[in-house]
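The values are calculated or read from the model by the stated rules, or taken from the named source; none is laboratory data. All figures in this text were calculated on a predicted structure; none of them were measured in a lab. Please note: Cβ atoms are built from the backbone with ideal geometry, for glycine as well, and neighbour counts cover all protein chains shown. The protein model used for the area step is the full one, side chains on, heavy atoms only, and it has no ligands, DNA or RNA in it. Shrake-Rupley method; radii C 1.70, N 1.55, O 1.52, S 1.80 Å.
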Amino acid sequence: MSTGSLIGIIGLGYVGLPLSLRFAQCGSQVLGLDIDSAKVDKLNAGQTYILHIPEEEINAAVSKGQFRATTDFSQARECTALIICVPTPLAAGNEPDLSYVLNTGRAIAPHLQKGQLVVLESTTYPGTTDTELREVLEAGSGLVAGVDFHLAFSPEREDPGNPLSDVSRIPKVIGGLTPACQKKAMEVYGKAIQTLVPVDSCRIAEAVKLTENIFRAVNIAMVNELKVVYDKMGIDIWEVIAAAKTKPFGFMPFYPGPGLGGHCIPIDPFYLTWKARQYGQETRFIELAGEVNTAMPAYVIQRCREALESQRKELKGSRVLLLGIAYKPNVDDDRESPAYVLWEMLESEAATVAYHDPHVPVIRPSREHGHFAGRENLPLDAETVAGFDLVLLATNHQAVDYPLIAENARLIVDTRNAFGSLLKGQPHYFKA
């Protein structure tokens with residue numbers, strides 16, 4: 001593999017792997033770096049571990065010598081650019097956890113070379129790149145950012161499971177520590193991304209990503225709140241949204257659900273909330289949205305109670321089939337999934353819970369819900385569905401046989417309107 005223009009991408013997950021393949025498809029040489037040796041071995045064998053990323057793409061990049069993966073971070077010295085795509089979760093008290101970002105910085109710092117570019121793509125609060133990350137890079141390398149090496153921030157904009165989410169076509173926001181840093185980042189990303197959007201600083205680029213996700217979190221909270229209000233009035237929120245979105249201006253549809261999931265929307269707003277407090281500012285709107293969205297699982301469980309009571313049953317002792325574990329349709333990503341919160345709440349009420357998710361055959365270990373690890377997907381057939389007191393739909397995958405469930409379930413509580421066209425008005429069907 002030539003090292004003349006080697007792109008190093010650190011963190012080979014839902015952001016880093018698609019970006020790696022995009023650079024490889026454009027003719028760049030790509031070195032993937034990850035601390036997970038199992039991922040590295042699979043990639044080097046041309047195998048995938050992410051549902052929506054075909055093995056054919058990985059195989060093509062590996063076989064052509066455009067991509068290889070390693071756990072050896074000393075190889076970062078060979079790269080002209082290093083792009084960091086690692087998690088930024090929340091710690092206790094909804095405080096930012098930058099350990100993955102900073103540990104990555106410490107891992108590559110001893111190997112930084114003059115003229116290299118380092119870009120952070122992980123979502124974070126304004127100031128992370130030009131303060132915390134910059135400090136660990138400079139301390140570990142003896143080099144100066146903006147003088148000896150380039151430093152920039154460019155937020156990821158991945159939307160797993162969305163067929164329109166093409167890395168090459170999604171405009172790329174780029175903010176550099178200095179004009180020269182920005183220019184270098186533009187040159188690198190210009191090899192793979194069609195549209196680049198330069199902004200004046202790393203902090204502006206960091207704020208762009210937070211603003212995008214806060215926008216979604218707040219609007220989802222609004223429709224979640226309206227869902228509860230309209231239900232009391234006998235009004236179906238889904239029909240309201242369907243009609244409202246016919247307006248060609250001034251309205252954008254957002255949809256309710258059982259709570260927020262994924263690595264972005266439930267987490268990112270609190271990065272700004274935490275940082276704002278350091279400036280003596282309150283983020284009441286963001287925090288209120290968080291309260292509304294966090295309350296949704298409890299509302300769903302109440303609807304389960306009401307559904308069971310309609311058949312003179314209780315949650316205690318009931319058998320519940322949880323339909324969908326991934327946080328959104330048609331992906332295998334279960335990070336921060338509200339399905340796990342629902343599961344915990346059901347079990348706390350002494351219900352017996354099993355799950356079906358065609359994309360999550362076995363629940364993997366996680367930071368948030370590790371006690372579910374190892375539980376296996378339950379195959380669906382008419383007899384199995386009929387054996388549960390309640391089917392609770394949390395995620396509406398396309399690969400689920402909804403007519404089979406509709407015909408055989410005793411009770412259905414639907415948080416995504418997946419059965420609306422099949423069961424509208426049926427006494428055993430409840431929306432939540």
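Some values worked out for this structure:
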read-out: Every residue from the range 262-285 that is in contact (Cβ under 8 Å) with a residue 60 or more places away in the chain, surrounded by 20 or more Cβ atoms within 10 Å (Cβ to Cβ) and on the phi < 0 side of the Ramachandran plot; value: His263, Cys264, Pro266, Ile267, Asp268, Phe270, Tyr271, Leu272, Thr273, Lys275
read-out: Test: residue in the range 37-44 that is outside any helix (DSSP H, G or I), open to solvent by 30 Å² or more (accessible area, probe 1.4 Å) and basic (Lys, Arg); value: no
read-out: The range 227-256, subset open to solvent by 90 Å² or more (accessible area, probe 1.4 Å) and touching a residue at least 24 places away in the same chain (Cβ under 8 Å), residue farthest from Ala217 (Cα to Cα); value: Met252
read-out: Residue list for the range 207-226, restricted to those being of a type in the set (D, E, K, R) and either open to solvent by less than 60 Å² (accessible area, probe 1.4 Å) or assigned to a loop (DSSP other than H, G, I, E, B) (or both); value: Lys209, Glu212
read-out: Criterion: surrounded by fewer than 22 Cβ atoms within 10 Å (Cβ to Cβ), among the polar types (S, T, N, Q) and out of contact with any Ser or Thr (no Cβ under 6 Å at 6 or more places or on another chain) - qualifying residue of Ser20, Ser74; value: Ser74
read-out: Residues being open to solvent by 10 Å² or more (accessible area, probe 1.4 Å) and under 19 Å from the mean Cα position of the chain (by Cα) - total across the range 333-354; value: 4
read-out: In the range 77-92, residue nearest to Leu33 (Cα to Cα) [restricted to those that are open to solvent by 60 Å² or more (accessible area, probe 1.4 Å) and out of contact with any Leu (no Cβ under 7 Å at 6 or more places or on another chain)]; value: Arg77
read-out: Selection within the range 387-413 - more than 27 Å from Pro163 (Cβ to Cβ) and open to solvent by less than 40 Å² (accessible area, probe 1.4 Å); value: Gly387, Phe388, Asp389, Leu390, Val391, Leu392, Ala409, Leu411, Ile412, Val413
read-out: Matching residues, the range 182-206, being open to solvent by less than 40 Å² (accessible area, probe 1.4 Å) and either over 22 Å from Phe149 (Cα atoms) or among the polar types (S, T, N, Q) (or both); value: Ile193, Ser201
read-out: Breaking point among (1) within 30 Å of Ala399 (Cα to Cα); (2) open to solvent by 30 Å² or more (accessible area, probe 1.4 Å), for Ile50; value: (2)
read-out: Residue check for Asp357: open to solvent by less than 10 Å² (accessible area, probe 1.4 Å), closer than 21 Å to Asp414 by Cα and out of contact with any Gly (no Cβ under 6 Å at 6 or more places or on another chain); value: no
read-out: Inter-residue pairs, beta-carbon under 6 Å, first without any contact (Cβ under 8 Å) to a residue 60 or more places away in the chain and in the range 176-189, second among the acidic types (Asp, Glu), 6+ apart; value: Leu177/Asp130
read-out: Arg68 assigned to a strand (DSSP E or B), open to solvent by 40 Å² or more (accessible area, probe 1.4 Å), of a type outside the set (A, V, I, L, M, F, W, C) and over 18 Å from Val167 (Cβ atoms); value: yes
read-out: Test: residue in the range 251-269 that is in a helix (DSSP H, G or I) and within 22 Å of Thr211 (Cβ to Cβ); value: yes
read-out: From Val385, Val353, residue being over 17 Å from Val300 (Cβ atoms) and at pLDDT 95 or above; value: Val385
read-out: Candidate set: the range 46-66, residues that are of a type outside the set (Val, Ile, Thr) and touching a Leu at 6+ places or on another chain (Cβ under 7 Å); chosen: the one nearest to Val362 (Cα to Cα); value: Glu57
read-out: Criterion: farther than 24 Å from His150 by Cβ and under 23 Å from the mean Cα position of the chain (by Cα) - qualifying residue of Ile84, Ile58; value: Ile58
read-out: Tally, over the range 75-106, of residues that are free of Cβ contacts under 8 Å to residues at least 40 places away in the same chain and among the β-branched types (Val, Ile, Thr); value: 1
